[in-house]
Amino acid sequence: MASVLVASNRGPVSYARGEDGELDARRGGGGLVSGLSAVSSRDSLWVCAALGEGDREAVRRGIGEPGVRMLDIEPEVYADAYNGIANSVLWFLHHHLYDTPREPVFDAEFRRRWGSYRAYNRAFAEALAAEADDGAAVLVQDYHLALVPGMLRELRPDLRIGHFTHTPWVSSEYLRMVPDDIVEELLWGMLGADELGFHTWGWASTFIGCCSQRDDSTGTAQGVWPSGDPWRGVEWRRHGVGKGRTRVRAYPLGVDGDELRSLAHRPEVDEALARLRAEVGERRTIVRVDRTELSKNILRGLLAYRELLTVHPEWRDRVVHLASAYPSRQDLESYRAYTASVTELAAEINAEFGTADWQPVIVSVEDDFTRSLAAYRLADVALVNPVRDGMNLVAKEIPVVSDAGCALVLSTGAGAYNELREDALAVNPFDVSETAEALHTALTMPRPERADRTKRLAATATALPPQRWFLKQLDALREQKS
Ligand code: G6P
């Protein structure tokens, strides 16, 4: 039994068959992994889904890490829940990604998948209910598991339940396209938590806005904004249950500066940096690092770079755009098509402007953190232009490891913009011309100014590192119920 539990779709470890035919464990990084390391693994448990065949085999053979429980959910149910609902519906809603003349379509197929999403959430709620000590704190993560708080509350009213959303939250206007019974299930699923966390107050307020003045078959809800208190929330009355309050707060995740700097100065990063320098020569660099993700706006970033080379031809042969865009969610056709378009557009730009000894864009499709860290250190300019993003940690990581200072071109749609706005060059992510001009301003920024801004950006970026981010939420949950 555990006193602190974390639940997320993707866990801290995954299994794949190595060349020798044996199952290899691959440990992931990221904020949650270092966050949970603040708590002793004797008392904590991470519940996650088995994502592929390797994971499923590990579960069946009883292979696992201490403190991690993987759920072997039926592959079809999992695919419907993860690809069919979480990534195709909820992710699209939160990031405003729909091409509305054609999508979304809420039909019988959607309802079938929603049934799987429900079953997948229930599998998590049941596992958590079975593993949690009396009064344990449970921190549920993200849009994959939005129904878990409500389900878990019913099974175990003694628990302290938190839910953290790593994405933006959909506006009430946009949410209206979803059938009301589904909205009802989603919002009341979340309201089963004692506390809901978001990366910014903006997303938190949008969530409260979606719950406010609700009067539906589950109950009634109202947003509350007490003056002088560090929290906001939703007061609710649920038919047959009674009344309660769910607190809603912002916990803007930051990066661990010391850890990141030491990772960025390992010998293999120095070697990768030397290789990049040899490729780039004396030219300036514009760096971006993303999953090939629709919301990251990689295509408009490339269009802006093309416009920069057109409108400011003085940069031809004097700059290289290093774009790391590693494949993501390739089970979805829209992501496969997007990945192909990124590569095609980069090739077009290279064909249009490239010369025998200058390749204007270098796209890397490897998920290679060592190379990314080297690119971070080298960057003169960082381009982070998502259409919407819960936070975007790349915008926080680059200033922390930059060798000589780096100008940050940052979308106003990124959660990170709230904290970094003063020292970043703000762009409307849809405005390609504005982005091209911001790249030009960034490239011409005097080095001392760049270095000063980078120093301030790095200080802000490290204000709430993962361990403190995690413990703060844990403390808030414990303090609320005691
Ligand atoms: C976002 C989500 C995470 C997710 C990650 C990678 O950051 O908030 O929950 O794990 O993307 O996406 P994937 O689908 O590969 O897990």
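The values are calculated or read from the model by the stated rules, or taken from the named source; none is laboratory data. Small disclaimer: the values here were computed from a predicted structure and weren't measured. Positions of Cβ are generated from backbone atoms using ideal geometry, with glycine treated the same way; all protein chains shown enter the neighbour counts. Keep in mind that these areas ignore ligands, DNA and RNA; they rest on the heavy atoms of the full protein, side chains included. Shrake-Rupley method; radii C 1.70, N 1.55, O 1.52, S 1.80 Å.
Share of Cα-Cα pairs in region 112-253 beyond 18 Å, in percent?
Details: 5372 of 10011 pairs.
Counting pairs separated by more than 18 Å, the tail of P(r) holds 54 percent.
Expected output is a single nm value to one decimal: the length gained when fully extending between SER172 and ASP20, i.e. 0.36 nm times separation in residues minus the C-alpha distance. What is it?
49.5 nm
With viscosity set to 1.567 mPa s and temperature to 4 °C, compute the Stokes-Einstein D of region 191-275, Rh being the Kirkwood radius across alpha carbon pairs; µm²/s, no decimals.
Result for D is 83 µm²/s.
Can you tell me the relative contact order of region 243-349? Whole percent, Cα pairs under 8 Å, sequence separation 6 or more.
Here the relative contact order equals 31 percent.
For region 134-195, what is the convex hull (Cα atoms) projected area averaged across all directions, in square nanometres?
Averaging across all directions leaves 4.2 nm² for the Cα convex hull.
If amide H atoms are built 1.01 Å from N in the plane of the peptide, which residues on other chains or at least 5 residues away come under 5 Å of the amide H of ALA136?
Here ARG160 satisfy the definition.
Note down the accessible area of SER402, probe 1.4 Å, to the nearest 10 Å².
Taking all protein chains as shown, SER402 has close to 20 Å².
Run lengths n ≥ 4 of DSSP H only: what is the helix-derived mean residue ellipticity at 222 nm for the chain, with -39500 (n - 2.57) per run over all residues, to the nearest 500?
-13000 deg cm²/dmol
Provide, in order from the shortest bin, the percent of all Cα-Cα pairs of region 366-425 in each 5 Å bin, continuing until the bin that contains the maximum pair distance.
Values per bin, smallest distances first: 4, 21, 29, 23, 17, 5, 0.
What does the convex hull of the alpha-carbon atoms of region 8-85 project to on average, in nm²?
5.8 nm²
Please work out the ratio of the alpha-carbon Rg of region 68-191 to 2.2 N^0.38 Å and round it to two decimals.
1.07
State the dimensionless ratio Rg/Rh of region 1-135 (Rg: radius of gyration of Cα atoms; Rh: Kirkwood radius).
Numbers: Rg = 16.8 Å, Rh = 16.4 Å.
With Rg and the Kirkwood Rh in hand, the quotient comes to 1.02.
Ranked highest first by average number of other Cβ atoms within 10 Å, how do 304-310, 376-382 line up?
Put in order of decreasing packing, that is 376-382, 304-310.
When the chain is fully extended, how far beyond the present Cα-Cα distance does VAL33 get from HIS96, taking 0.36 nm per residue of separation?
Answer, rounded to one decimal: 19.8 nm.
Using only the Cα atoms, what convex hull volume per residue in Å³ does region 201-331 have?
Here the figure is 250 Å³ per residue.
Rounded to the nearest 10 Å², what accessible area does MET391 show when all protein chains are kept and the probe is 1.4 Å?
Accessible surface of MET391 is approximately 10 Å².
So, taking all protein chains as they sit and a 1.4 Å probe, how much accessible area belongs to GLU184, in Å² rounded to tens?
20 Å²
DSSP loop trypsin sites (Lys or Arg not before Pro) in region 41-147 with at most 10 other Cβ atoms within 10 Å of their Cβ, which ones?
ARG42, ARG61, ARG102
From the C-alpha coordinates alone, can you work out the Kirkwood hydrodynamic radius of region 350-482, in Å?
That comes to 16.4 Å for region 350-482.
Hey, could you pull the Cα Rg and Dmax for region 282-386, both in Å?
13.3, 42
Identify the GluC sites (Glu not before Pro) of region 14-59 meeting these criteria: DSSP loop state and at most 14 other C-beta atoms within 10 Å of the C-beta.
Sites meeting the loop and neighbour criteria: GLU19, GLU22.
How many percent of the alpha carbon pairs in the chain exceed a separation of 40 Å?
The share of Cα pairs beyond 40 Å in the chain comes to 22 percent.
Assuming a ≥ b ≥ c are the square roots of the Cα gyration tensor eigenvalues, decide whether region 245-303 counts as rounded (a/c under 1.5), prolate (otherwise, with a/b larger than b/c) or oblate.
oblate
Taking every DSSP beta bridge with both residues inside the chain, roughly what % is antiparallel (nearest 5)?
The answer is about 30 percent antiparallel.
Pairs of lysine in the chain with Cα under 16 Å and at least 8 positions apart or on different chains: total?
On the way: LYS243/LYS481; LYS296/LYS396; LYS396/LYS455; LYS472/LYS481.
Total qualifying Lys-Lys pairs in the chain comes to 4.
Using only the Cα atoms, work out Rg/Rh for region 100-149, with Rh taken as the Kirkwood radius, to two decimals.
Values: Rg = 14.8 Å, Rh = 12.8 Å.
With Rh from the inverse mean 1/r over Cα pairs, Rg/Rh is 1.16.
What do you reckon, how do GLU65, GLU268 stack up by accessible area (1.4 Å probe), largest on top?
Greatest to least solvent exposure: GLU268, GLU65.
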